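Asker: Quick one: the structure is below, and I'll ask about it shortly.
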């Protein structure tokens, strides 16, 4: 089983204004002349995870990470205005142009897998290939699974522990409960609600309990963006249709999904694979949603290397 590469720090950082309100953070690490690879992080609201740098060979890849609007080091933190999937996709393209990259490979984690799929459809001429892990869509079925019909029934004990103060009714009632506190003026109640939301996400993300992930996601800075942006996206996107991946047939794709993913059921990844002629699907037996599961680390390192081998050289890609 393959394990993580050594820890890696960024060697270059950018703060790119994308409109009159938002500035996004971009970092680069690895080989500046290597194959350009963009990590599109999970969410909504996660921010980039330094852990993911260790999935790539720093001598082979030019590793790029972007904090989506309202996340991580992007400003303003947890801002919901002018923050929708379509503008996040445009931000990816702005970043590519800013960095002077002709074409790149995308690695999308969860929600970032959905954004990667949509970006590849909108800008196919810039995409060499896509690797997706834990494909998640913030549509009505996806939200219902995570907050009502799926995960709460798989983990009723954790749902009761974390969400005991939350209404046990419809998805709309759950979202309304959180929205009231997350967008209210009482900062103490705001942080309490954010940590409640983040704890639920963290505790169902891994196959085996991970206190490190719980601690990371429930940190106030992380929790507020994860909860506020997640709640806002879920309230706004429940009726938005998801485009098919049929138009990606000429773009190579690898879809990696944990069989026991409680955030997004395997059926979502299977359906994506069925509609994407150029894709391969790998179902990971001993993994959930998180990239921190050892079996997922192994599968992703292999899949990223396989995709890079398929893509080939890097001449002219870095501008």
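The values are calculated or read from the model by the stated rules, or taken from the named source; none is laboratory data. What you see is a predicted model, and the numbers here were worked out from it, not measured in a lab. Here Cβ is always computed from backbone atoms with ideal geometry, including for glycine, and neighbour counts include all displayed protein chains.
Asker: Could you please give the count of residues in segment 278-292 that are modelled with pLDDT of 95 or more, more than 19 Å from the chain's Cα centre (by Cα) and part of a loop (DSSP other than H, G, I, E, B)?
Answerer: Count: 2.
Asker: Out of 106, 115, report the one residue that is crowded, with 20+ Cβ neighbours inside 10 Å, farther than 21 Å from residue 284 by Cβ and either in contact (Cβ under 8 Å) with a residue 12 or more places away in the chain or not assigned by TED's automatic domain parsing to the domain that holds residue 52 (or both).
Answerer: Exactly one of 106, 115 is crowded, with 20+ Cβ neighbours inside 10 Å, farther than 21 Å from residue 284 by Cβ and either in contact (Cβ under 8 Å) with a residue 12 or more places away in the chain or not assigned by TED's automatic domain parsing to the domain that holds residue 52 (or both), namely 115.
Asker: Output the residues belonging to segment 93-110 that are more than 15 Å from the chain's Cα centre (by Cα) and not in a helix (DSSP H, G or I).
Answerer: 100, 101, 102, 103, 104, 105
Asker: Can you find even one residue in segment 161-173 that is modelled with pLDDT of 95 or more, outside any loop (DSSP other than H, G, I, E, B) and under 17 Å from residue 265 (Cβ atoms)?
Answerer: no
Asker: Out of the strands (runs of 3 or more DSSP E) lying entirely within segment 1-92, which hold 2 or more residues that are touching a helix residue (DSSP H, G or I) at 6+ places or on another chain (Cβ under 8 Å) and within 25 Å of residue 297 (Cβ to Cβ)?
Answerer: Qualifying strands (runs of 3 or more DSSP E): 23-30, 35-40, 61-67.
Asker: Is there a residue being assigned to a loop (DSSP other than H, G, I, E, B), within 25 Å of residue 108 (Cβ to Cβ), within 23 Å of the chain's Cα centre (by Cα) and in the same structural domain as residue 205 (by TED's automatic domain parsing) anywhere in segment 146-153?
Answerer: yes
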